1. With a 1.4 Å probe and every protein chain left in place, tell me how much accessible area MET1 has, in Å² to the nearest 10.
2. Starting at 0 and stepping by 5 Å, how many percent of the alpha carbon pairs of the stretch 45-102 end up in each bin?
3. Could I have the simple spin-label model distance between ALA61 and ARG28, label points 7 Å from Cα toward Cβ, reported in nm to one decimal?
4. Sort the following peptides by mean Cβ neighbour count (other Cβ atoms within 10 Å, averaged over residues), highest first: 38-45, 137-144, 2-9.
5. By what distance, in whole Å, do the Cα atoms of the stretch 94-194 stretch along each of the three principal axes, largest value first?
6. Kindly work out what percent of the DSSP beta bridges joining two residues of the stretch 1-149 are antiparallel, to the nearest 5.
7. Amide H to amide H, which residues 5 or more places from VAL122 or on other chains are under 5 Å from it, using H placed in the peptide plane?
8. How many percent of the alpha carbon pairs in the chain exceed a separation of 29 Å?
Amino acid sequence: MNIGIFIYPEAEVLDFSGPFEVFSTASRLAGDNQVFKVFLIAEHTGPIRARGGYRVLPDCAIREHPPLDVLIISGGVHTAEMNNTTVTDWIMDQAHAVPLIATVCTGIFLLAQAVQSLSCRVTTHWEDIADLRNTFSALNVVEGGRWVDEGNIVSSAGISAGIDMSLHLVSRLHSEKLAMETARQMAFAWTHNS
């Protein structure tokens, strides 16, 4: 399965690094590095400066990546990206093509901006709950959970919750056993329930 993680300037580091670690560790533990092929996608392939000055080099540009089975949209300082029609048009295209889209933290803002018809249950970082409700009134914004699974849309609360959500996705896409082994390998206390 191709797991693409979308990043952008000022993306929250753990929002993309946490899911990346979950899927790459799960593949390693499964004994087959192709169970999940995880890679970073950005608007361009040049270096991205994430939060705190963390520099990262994406694997693919948004117009040059393999077909995705899962798209994960990271959160961070998202406001500039919400006004970037190149990015939101790409997300909209992915929403029609990718079987499963997941968001970490404020990544849900980018998905909702791109897919204006989005009206499912979602969550985000506790600090952004009110803003998400005010900006996208069609969404049913859930407070207090680590993630919300609506079938083809899965959203998570802030930062480390993306790891819980990604373990949930490993469980859903492969097996509970592999998700448990991955959490143990990562020395992470997985919150199983959303």
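The values are calculated or read from the model by the stated rules, or taken from the named source; none is laboratory data. Bear in mind the structure is a predicted one, so any value in this text is a computation, not a measurement. When we count neighbours, we look across all protein chains shown, and the Cβ atoms used for this are built from the backbone with ideal geometry, even at glycine. We work out accessible area using only protein heavy atoms, side chains counted, and drop any ligands, DNA or RNA first. Shrake-Rupley method; radii C 1.70, N 1.55, O 1.52, S 1.80 Å.
1. 80
2. Pairs per bin, as whole percents: 4, 14, 23, 29, 21, 7, 1.
3. For ALA61 paired with ARG28, the spin-label model returns 3.1 nm.
4. Packing order, densest peptide first, comes out as 2-9, 38-45, 137-144.
5. Largest first, the stretch 94-194 extends 39, 31, 16 Å along its Cα principal axes.
6. Taking every DSSP beta bridge within the stretch 1-149, about 15 percent pair in antiparallel fashion.
7. HN-HN under 5 Å from VAL122: ASN140, VAL141, VAL142.
8. Percentage above 29 Å: 14.
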